[in-house]
Amino acid sequence: MSKKIFAANWKLNKTPEEAREFVIKFKNDVFKTPDFFKGKEVILFPSAFSLEAVSSLCAGTAIGFGPQNIHSEKSGAFTGENSAEVAQSMKAQYALVGHSERREIFKEQDELLDKKNALLQVLGLNPVFCIGESLAQREAGKTLEICFAQMDKGLKSFDKSQRLILAYEPVWAIGTGKVATPEQVAEVHRELHQYLTKNAFKNFQILYGGSVKPENSKELLAIPHVDGFLIGGAALQVESFIKICTI
Ligand code: PEP
């Protein structure tokens, strides 16, 4: 059985100093528990300015990390963007792609996300590719149609023999405190699992994201095909993040 994944998306929060404080406290707390990392993978997604701080404390440990976004080209005249190649040189092993805030606020389209996923694969980094429907799309009964279309287009160039980490994040549940019901999560994860299997993806895990907290994480993690979480707000404090990671 593959490991459960607990990924923290810090969004535009934490200075490098605060990121360092988090990692030092996290390490102190979890290294007291023998086998804490057994059966699980922990990943931190700091903002770009704090990536170096996290890298200096996590590279070579059981704690994975990576940027929240990368440009679709390795390098060049793209002022203000962040390079996957630079993240790789900082020993990042993962990168978030297509978070709903990137899709909505920064208007990132599926075709662009496909390029980002493919570039990460070329560089040997694991994309954590985010998909999910809006409230209007759910209410119109289009949840699966939207998720399948996002995968069809955003994973068009993906080498299916390589590892894929997919994060299903219903947009209406992100940062709202409105968590999807276990029935809703179970249905979508079952369908996503079937889709990926049918489409010959060889090695994949499916995370749930959207208002995951210590109070709901156990129930959600017990749902079939929920292989872990992408966590925003509740991953900003060491205590609540550790509670969610404690299985
Ligand atoms: C996220 O940012 O991906 C997320 C799921 O946020 P939250 O846990 O705060 O809903």
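Quick check on my filter: what residues within segment 72-96 are free of Cβ contacts under 8 Å to residues at least 24 places away in the same chain and within 18 Å of Val128 (Cα to Cα)? Walk me through how you get there before you give the answer.
Step one: list which residues in segment 72-96 are free of Cβ contacts under 8 Å to residues at least 24 places away in the same chain, which gives 75-81, 83, 86, 89.
Within segment 72-96, Ser83, Val86 qualify.
For segment 81-127, which fully contained helices (runs of 4 or more DSSP H) count at least 3 residues that are within 16 Å of the ligand (Cβ to nearest atom), of a type outside the set (A, V, I, L, M) and under 24 Å from Phe229 (Cβ atoms)? Outline the logic, then answer.
Working: elements: 84-89, 100-105, 110-123.
Helices (runs of 4 or more DSSP H) meeting the threshold: 100-105.
Taking only pairs six or more apart or across chains, which ones have beta-carbon atoms under 6 Å, a first residue in segment 144-156 that is farther than 14 Å from Arg103 by Cα, and a second residue that is open to solvent by 40 Å² or more (accessible area, probe 1.4 Å)?
Once the first residue is farther than 14 Å from Arg103 by Cα and sits in segment 144-156, its partners that are open to solvent by 40 Å² or more (accessible area, probe 1.4 Å) give Leu144/Glu191.
Here is a check on your reading of the model: is Cys130 touching a Gly at 6+ places or on another chain (Cβ under 6 Å) and not in a loop (DSSP other than H, G, I, E, B)?
On the way: touching a Gly at 6+ places or on another chain (Cβ under 6 Å): yes; not in a loop (DSSP other than H, G, I, E, B): yes.
So Cys130 fits the description; yes.
May I ask you to list the residues in segment 212-233 that are within 14 Å of the ligand (Cβ to nearest atom) and within 14 Å of the chain's Cα centre (by Cα)?
Hits for segment 212-233 are Val212, Val226, Gly228, Phe229, Leu230, Ile231, Gly232, Gly233.
Quick check on segment 170-190: of everything there that is among the small types (Gly, Ala, Ser) and touching a Pro at 6+ places or on another chain (Cβ under 8 Å), which residue is surrounded by the fewest Cβ atoms within 10 Å (Cβ to Cβ)?
Kept after step one, since they are among the small types (Gly, Ala, Ser), are these residues of segment 170-190: 173, 175, 177, 180, 186.
After this cut, where a residue has to be touching a Pro at 6+ places or on another chain (Cβ under 8 Å) as well, the list is 180, 186.
Details: Ala180: 24, Ala186: 17.
Checking each candidate, the answer is Ala186.
Take Phe65 and decide whether it is open to solvent by less than 70 Å² (accessible area, probe 1.4 Å) and closer than 27 Å to Glu133 by Cα. Explain how you work it out, then say what you get.
On the way: open to solvent by less than 70 Å² (accessible area, probe 1.4 Å): yes; closer than 27 Å to Glu133 by Cα: yes.
Spelling it out, Phe65 is indeed open to solvent by less than 70 Å² (accessible area, probe 1.4 Å) and closer than 27 Å to Glu133 by Cα.
Looking only at residues that are more than 15 Å from the ligand (Cβ to nearest atom) and surrounded by 15 or more Cβ atoms within 10 Å (Cβ to Cβ) in segment 191-211, which one is nearest to Asp159 (Cα to Cα)?
Residues of segment 191-211 more than 15 Å from the ligand (Cβ to nearest atom): 191-205.
Among the residues that remain, those that are also surrounded by 15 or more Cβ atoms within 10 Å (Cβ to Cβ) are: 191-193, 195-196, 201, 204-205.
Numbers: Glu191: 21, Leu192: 18, His193: 17, Tyr195: 16, Leu196: 13, Phe201: 8, Phe204: 12, Gln205: 15 Å.
Within segment 191-211, the match that is nearest to Asp159 (Cα to Cα) is Phe201.
Return the residues of segment 1-55 that are open to solvent by less than 20 Å² (accessible area, probe 1.4 Å), without any contact (Cβ under 8 Å) to a residue 60 or more places away in the chain and assigned to a helix (DSSP H, G or I); say none if nothing qualifies.
Ala19, Val23, Ser50, Leu51, Ala53, Val54, Ser55
Please work out which residue is most open to solvent (accessible area, probe 1.4 Å), limiting yourself to segment 133-144 and to residues that are within 16 Å of the ligand (Cβ to nearest atom) and part of a helix (DSSP H, G or I).
Of all residues in segment 133-144, those within 16 Å of the ligand (Cβ to nearest atom) come to 133-135, 138.
With part of a helix (DSSP H, G or I) added as a condition, the list becomes 135, 138.
Numbers: Leu135: 76, Arg138: 49 Å².
Step by step, filter segment 133-144, then rank; the result is Leu135.
The values are calculated or read from the model by the stated rules, or taken from the named source; none is laboratory data. Quick caveat: nothing in here was measured; it's all calculated off a predicted structure. Note that each Cβ is placed from the backbone with ideal geometry, even for glycine, and that neighbours are counted across all protein chains shown. Heads up: the accessible areas ignore ligands, DNA and RNA and are worked out on the full protein's heavy atoms, side chains in. Shrake-Rupley method; radii C 1.70, N 1.55, O 1.52, S 1.80 Å.
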